[in-house]
Structures are given as structure tokens and as C-alpha cells.
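Colleague: So that we are looking at the same thing, I have put the structure below in C-alpha cells.
The values are calculated or read from the model by the stated rules, or taken from the named source; none is laboratory data. These numbers were taken from a predicted model, which means no experiment stands behind them. Note that each Cβ is placed from the backbone with ideal geometry, even for glycine, and that neighbours are counted across all protein chains shown. For the accessible areas, the whole protein counts, side chains as well, though only heavy atoms, and no ligand, DNA or RNA atoms are used. Shrake-Rupley method; radii C 1.70, N 1.55, O 1.52, S 1.80 Å.
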Amino acid sequence: MPAQAQSVLDALLASPPLQAYLIVGAIMFAIGAWGALVRRNAVVIFMCVELMINGVNLTLVAFADFLPNAGGLGVGYAVLVIAIAAAEIAVGLAIVLAVFRSRRTVNVDEVTSMRG
Amino acid sequence: MTIAFGFLAGMVLVSALGVVVSRNVVHSALFMSGSFLGVAGFFVMLNAPSLAAFQVLIYVGAVTVVILFGIMFTQRPQVRHYRTIINRQFWAGLCVAAGVGAFLSYVLWIEDWSSAQAGNGPREVAQLGRDMLGVSPGSEIFALLFQVVSVLLLVAIVAAIVVSRRKVGTGVDRGVEE
């Protein structure tokens with residue numbers, strides 16, 4: 001096998017560095033933040049918040065795997081984050097249902113009864 | 001490993017973009033579950049296979065189904081114009097989000113991670129279980145956090161029931177009407 005093909009194969013088989021995981025998590029967080037800022041539907045806003053939480057979770061687990069002094073405890077924190085996100089989605093969707101019953105809409109810019 | 005990483009990164013980021021720009025709400029929910037599946041693949045690559053199982057069970061299973069129920073109760077699944085799904089801050093929001101993403105990526109990229117080495121994750125389920133219960137050295141705080149999260153889940157379930165419950169004898173369930 002020629003040397004160039006060997007080096008390309010080595011690059012393809014090497015494990016990605018820590019920065020790669022961190023940047024994927026950061027871009028995922030940014031996409032979720034964009035969606036939470038621009039969409040009007042409250043349910044889609046919840047989905048985008050879940051995307052942001054997942055980006056942060058990915059960062060936590062990447063640190064737990066790569067940093068030697070972390071001891072893998074970031075995975076435990078990620079489990080706690082998943083539980084809290086599940087609680088948040090349950091309460092949030094209950095609030096969305098209650099708002100829909102009284103206002104007939106889930107668009108967040110049409111629910112303005114508390115505007116001063 | 002790089003091939004798997006590229007595939008998973010593309011899946012996660014394309015699905016995340018699909019959540020934001022999809023005009024059909026149901027498509028957004030399905031894109032979201034695809035993005036969560038990609039993150040579960042990353043967890044496997046990062047030596048946390050049990051966390052990947054949690055991710056598939058809780059996010060791809062439970063959260064997606066709950067969100068689909070929310071969509072079912074609150075709107076008809078139909079394609080809408082971008083005018084009606086996006087508020088007026090479209091470009092401003094894009095600029096802010098791109099700025100945040102670029103800044104985070106830059107800070108994480110210039111940092112010196114030369115001492116980091118892969119392979120410290122709790123690959124064994126028994127190790128993760130000891131960490132979660134606060135038995136293994138260095139993880140004593142989890143004995144408290146585990147209980148706090150349990151109470152939080154209970155409170156959240158009761159709150160969800162109380163908030164979404166109809167008062168007896170008042171009004172009708174308008175989601176069912178049409």
C-alpha cells in the first residue's frame with residue numbers, strides 16, 4: 001500500500017480529538033438558541049430548548065471521557081440533566097395545554113395578557 | 001472512528017437545522033428524535049453506552065411521544081408559510097445565534113487540551129451505578145443529588161397533572177371540538 005493511502009487510512013481510523021465533540025455541542029446549542037428565538041409555536045420552542053440541553057449534555061460527557069481528573073462523573077451529571085429536562089418538558093407541555101384551553105392559540109407572541 | 005464521527009455529526013446538525021426550519025410541526029418533532037439518536041451515538045463513542053441507552057429510552061422514546069401528544073392536542077399537522085411560523089426577529093436571531101456558536105467554538109478551539117486523553121468514561125454499567133449512588137470515591141455528592149432529582153420528578157409530575165387538569169363542570173375540552 002502506498003504511503004499516502006496509508007496516511008489517509010490512519011487519519012480515517014484515528015479517534016477524533018476533544019475539540020471536535022465540543023464544537024459539535026456548541027453548534028447544536030447555537031441552532032437550538034436560534035430556533036428558540038425565532039419560532040412562534042410554543043411546542044417548537046420546547047423542542048429547541050431540548051436541543052440546547054442535548055448540546056450541553058454532549059459537552060459534559062465529552063469532558064467526562066477526556067479529562068483524566070474528571071473520573072467519569074460527568075456521565076452521572078448527564079443523567080441528572082436528562083431527568084430535569086424530562087420534568088421540564090412535562091410541566092411545560094401542561095402549561096401549553098392550559099394556555100391553549102383558555103386562549104385557543106399556542107403562538108407565544110399572541111399570548112399577551114400580562115403585557116403592561 | 002472519524003467516519004462514524006462525521007456521520008453522527010452530520011446527522012445531529014442536519015436534524016437540528018430541520019427542527020428549526022421545518023414548516024410542519026410533526027416533521028420538527030421527528031427531526032428532533034433523529035438529532036437525539038445522533039447524540040446517543042456520540043455517547044457510545046465517548047465510553048458511556050449505558051447513558052446512550054438512557055438517551056434512547058427517555059428522549060427518543062418518551063419525550064418525543066409526549067411532544068407529539070402536545071402537537072396532537074394543540075394544532076392540526078399542516079404545512080404553513082414561513083411568514084406564519086417565524087416571528088419578525090428572523091435575521092436578528094440568526095445573527096445572535098451564529099455569534100454565540102462562533103464565540104463558543106472559538107473559545108473551545110483555542111484552549112489547550114493537550115493533557116486530555118480519551119478513555120476515562122465509565123464504560124461499565126456497575127461503575128456508573130456506583131457513581132450515581134455516591135459509593136465510589138469522589139462521587140459522594142451524588143447520594144444527595146439523586147434524592148433531590150427524585151423529589152423534583154415527583155413534584156413535576158404532580159404539577160403537570162394539576163396544571164393541565166380541567167376544572168370539573170367548567171368549559172369544554174376545546175382541543176377535541178374541531
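Colleague: I need the calculated FRET efficiency for the pair B:Phe69 and B:Asp112, taking r as the beta carbon distance and R₀ as 35 Å, to the nearest 0.05. Could you put the intermediate results ahead of the total?
Modeller: On the way: r = 47 Å, r/R0 = 1.34.
The calculated FRET efficiency here is 0.15.
Colleague: Which FRET efficiency value, to the nearest 0.05, is calculated for B:Ala98 and A:Leu13 with the Förster distance at 45 angstrom and r the Cβ-Cβ distance? Can you show the working numbers first?
Modeller: Numbers: r = 33 Å, r/R0 = 0.73.
The computed FRET efficiency comes out at 0.85.
Colleague: Using alpha carbons only, how many angstrom separate the centre of the range B:80-102 from the centre of the range A:1-79?
Modeller: The range B:80-102 and the range A:1-79 have Cα centres separated by 22 Å.
Colleague: Over chain B, what is the mean sequence separation of C-alpha contacts under 8 Å (at least six apart), divided by residue count, expressed as relative contact order in percent?
Modeller: In percent, rounded to a whole number, it is 18.
Colleague: Same structure, new question: In deg cm²/dmol and to the nearest 500, what is the mean residue ellipticity at 222 nm of chain B if only DSSP H runs of at least 4 residues count, each as -39500 (n - 2.57), divided by the residue total? Before the final figure, lay out each step's value.
Modeller: Numbers: 9 runs with 120 residues, N = 178.
It lands at -21500 deg cm²/dmol.
Colleague: I'd like to know which of B:Leu152, B:Pro49, B:Leu128 lies farthest towards the positive end of the charge dipole of chain B, counting +1 on Cβ of Lys and Arg and -1 on Cβ of Asp and Glu.
Modeller: B:Leu152
Colleague: Sticking with this structure for a sec: With label points built 7 Å along Cα→Cβ from the Cα atoms of A:Ala98 and B:Glu140, find their separation and express it in nm.
Modeller: 4.1
Colleague: Expressed as a rounded percentage, what relative contact order does the range A:16-103 have, with Cα pairs under 8 Å and six or more residues apart? Display every interim value, and only then the final one.
Modeller: Numbers: 76 pairs, mean separation 23.7, N = 88.
Across the range A:16-103, relative contact order equals 27 percent.
Colleague: Using alpha carbons only, what's the Rg to Rh ratio of the range B:1-102 with Rh from Kirkwood?
Modeller: On the way: Rg = 15.6 Å, Rh = 15.2 Å.
Ratio of gyration radius to Kirkwood radius: 1.03.
Colleague: Leaving out ligands, DNA and RNA but keeping every protein chain, what accessible area does B:Tyr82 have, in Å² rounded to the nearest 10, with a 1.4 Å probe?
Modeller: That residue has around 110 Å² of solvent-accessible surface.
Colleague: Among A:Val91, A:Val75, A:Val43, which one shows the biggest mean-square fluctuation in a GNM of chain A, springs joining Cα atoms closer than 10 Å?
Modeller: Among A:Val91, A:Val75, A:Val43, the largest mean-square fluctuation in the Gaussian network model of chain A belongs to A:Val91.
Colleague: Give the B-A buried accessible area in Å², both sides summed, 1.4 Å probe, nearest 100. Walk me through the intermediate numbers first.
Modeller: On the way: alone 13890 and 8370 Å², together 15120 Å².
Chain pair B/A: roughly 7100 Å² of buried accessible area.
Colleague: Now, a different point. With a probe of 1.4 Å, find how much accessible area the protein assembly as shown has per residue, and write the answer as a whole number in Å².
Modeller: Numbers: 15120 Å² over 294 residues.
Per-residue accessible area for the protein assembly as shown comes out at 51 Å².
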